[in-house]
Each structure stands twice: as C-alpha cells, then as structure tokens.
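Everything on this sheet refers to the single structure shown next.
The values are calculated or read from the model by the stated rules, or taken from the named source; none is laboratory data. Model, not experiment: these values are computed from the prediction. Virtual Cβ from ideal backbone geometry, glycine too; neighbours counted across all protein chains shown. Please note that ligands, DNA and RNA were not included when accessible areas were found on the heavy atoms of the full protein model with its side chains. Shrake-Rupley method; radii C 1.70, N 1.55, O 1.52, S 1.80 Å.
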Amino acid sequence: MIYASQLAILRDLQGRMRKRFHKGGPLHNLGVVTLLQHRYVDGIRLVASALVEDVLSEDNFEAWRRAPAYQLLAGIMRLPPEALDRIEEEASRMRSARRIPKDPNQILERIEFDSLLPPELIGPPIREVESFLLLPPPRPAGILVFVGGSFKMVAVLRLFHRIVLDCGHVPILLDYEFPPWVDSFTACTAAMDNCDLSVFDVSIPEGQMAEIVHHYEKWKQVSQGTRNPGILLVMQELFGQKSPRIPPMIPPEYKRRCKRYRELLDAEKHLKAFLP
C-alpha cells in the first residue's frame, strides 16, 4: 500500500504539472513485494517498468545496468537476455526521439513484453528477492528537533539549527519554499509530529502560532497533559522581563515555557539547557 501510494502521488503530479517524473523507486519496490507474494508475472512486469524508467532517464547503459531493477531482472529472476535487450532498445529509441512516455507500460506493450517471458516462471528463494528491497535508511543518531518561528527571523532559526546539530541531535528546519500544491501548515505539522522535541522563536508571532496550538492539542490528546510536552518557546526581550508580552495565542500551559533572551548567547543557553 505504501509503494502504491508513492506511485499514485507521482502519477498525480505528472498529470497536474504536465511533466514526467522518474517513478523507478516505487515501481521497483512494488515489484519486489509482489514477487515475495509469488505473483511472478505481475512482479516482473513492475520491475521491468522500473527498468524502463531508468533507461528513459539515463543516457549511459552502465548507469541503468547498475541500478536495482536491471540487477534483479538479470541476476535474480534470470530473464532471457533478449527480453532485457528489447526493453533497452525501445526505451533508448524513444528517449533519443524525444518521445518519452509518462507511463512505462506503453513501452512494455510496444515490445509485447509478456510474450518474451518464459512459459513457466519459477521464483528464486525469498532471501534473494528480499536483498533487492530498498528499505528506508535507519533513523539517524540523536533525537529529531523541530525548529519553528517566523521566517523574518530565519537567521536566528538557522542559529538554532546549528546549535541542535552541535549538540548531536537532528534539527528539522523547513526553511525552503514549498511547491504550490503543498500546504505549508500541513507539511510543518506533519514534520513536527514526527519529532521528539520542538523549539519555537515567538518574537514575531505569525504562522508558527497555529503550529504551537496544534502541538498543544496533540499533547493534550495523547498524554492528557500528564507528560512533559517537549517544547521550548523563546522570545526577544526589549526593555525588561515584561516587554514584549507573551503572544496571547500561546496556550496557558505553554506560557511558562516561554524563555526570554536579550542576546543570542542567552538564547543558545536556553536551548542547550532544554536539549538532553
């Protein structure tokens, strides 16, 4: 379901943006899990589609032959060489003619790929197939720390990013422009939900206020307010401890977690004291 969803997202983007995206990763992985279900014809066709994507995207045969799709088809499934040659020839021809299809099945149908397969497909041992499954990378060392705030103060946020990194943890700062089809609030809250800790600069209360409220509501829902929420709020001090006022949108339980700083060194001290 995960790999099929990834593939569906790429196909949807192709239709909306009117451009081709390389879909080899989800096609390959979807093919592998299909092979593990002993659905050999369907699995091989999916991996062959991934090979088509590789050939359409590369102009060097050594590059696509080193890729997982070709290695699986040639070395594990032991497809006839003529079947692989036909894929390479037709996909290369279409690429050279600048007639690159968005759907790799078009090329498999043009060469009548199914007719090139052995009459009876016998799958290899499960472990051989599993070795080609592109598993997600292991979680990085340290904890994930979401860094949020107004991008009018992005230099301060990038300082926090560096401090978190220097402390041996993994900072998550989404300081780049989102494409038009991505809702920034949804993307930020999804990233924050997967982090262990969060730190926000609230000196300029803007969109991060909604993210803090989201953090609060999830904390109340998950822990009923019994566990440490794992959030630090910092804001610049102008003329004294009560200037400026803490933004009213911050939930009362979080107001006491708001630390003030007059200099960046003070903000760094607050952050280091917060991090484990």
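To the nearest 10 Å², what's M249's accessible area with a 1.4 Å probe?
110 Å²
Is the shape of segment 114-248 best called rounded, prolate or oblate, per the rule: a/c under 1.5 gives rounded, else a/b larger than b/c gives prolate, else oblate, with a ≥ b ≥ c the square roots of the Cα gyration tensor eigenvalues?
Values: a/c = 2.70, a/b = 2.54, b/c = 1.06.
Prolate, since a/c reaches 1.5 and a/b exceeds b/c.
Based on the alpha-carbon gyration tensor of segment 54-99 and its eigenvalue square roots a ≥ b ≥ c, which shape applies: rounded if a/c is under 1.5, prolate if not and a/b is larger than b/c, or oblate? Each step should come with its number before you reach the end.
Details: a/c = 3.02, a/b = 1.63, b/c = 1.85.
Judged from the Cα gyration tensor, segment 54-99 comes out oblate (a/c at least 1.5, b/c at or above a/b).
Only Cα pairs under 8 Å and at least 6 apart count here; give the relative contact order of segment 95-175 as a rounded whole percent. Walk me through the intermediate numbers first.
On the way: 42 pairs, mean separation 20.2, N = 81.
It rounds to 25 percent for segment 95-175.
Using every alpha carbon pair in the chain, what percent of pairs falls into each 5 Å bin from 0 up to the bin containing the largest distance?
1, 5, 11, 13, 12, 9, 8, 7, 8, 8, 7, 5, 3, 2, 1, 0, 0
If you rank W64, W181 by how much accessible surface each has, with a 1.4 Å probe, what is the order from largest down? Intermediate results must be reported in sequence, preceding the final value.
Details: W64 15, W181 105 Å².
Ranked from most to least accessible, the order is W181, W64.
Considering only C-alpha atoms, what is the centroid distance from segment 78-109 to segment 199-221, in Å?
Answer, in whole Å: 50.
Do any GluC sites (Glu not before Pro) in segment 163-216 lie in a DSSP loop with no more than 12 other beta carbon atoms within 10 Å, and if so, which?
Working: sites: E177, E206, E211; in loops: E177, E206.
Hits after loop and neighbour filter: E177.
Counting only protein heavy atoms and using a 1.4 Å probe, what share of the accessible area of the chain belongs to carbon plus sulfur, as a whole percent? Don't skip to the end; give the middle numbers.
Details: 8440 of 15450 Å².
Ligands and nucleic acids excluded, carbon and sulfur give 55 percent.
Placing one identical point scatterer on every Cα of segment 54-135 and ignoring solvent, what is log10 I(q)/I(0) from the Debye formula at q = 0.12, 0.16, 0.20, 0.22 Å⁻¹?
For segment 54-135 at q = 0.12, 0.16, 0.20, 0.22 Å⁻¹, log10 I(q)/I(0) is -0.38, -0.67, -1.00, -1.15.
Could you give me the ³J(HN,Hα) list for segment 169-178, computed from phi with Karplus coefficients 6.51, -1.76, 1.60 and θ = phi - 60°, whole Hz, x at Gly and Pro?
Each residue of segment 169-178 in turn: 10, 10, x, 10, 10, 8, 9, 8, 7, 7 Hz.
Mind checking the dipole of segment 104-245: about its Cα centre, +1 per Lys or Arg Cβ, -1 per Asp or Glu Cβ, Debye to the nearest 20?
On the way: 11 positive and 17 negative charges, 183 e Å.
Roughly 880 debye for segment 104-245.
Less than 20 Å apart at the alpha-carbon level, and either on another chain or at least 8 residues along: which lysines does that give for K272?
Leaving aside lysines fewer than 8 places away in the same chain, those within reach of K272 are K255, K259.
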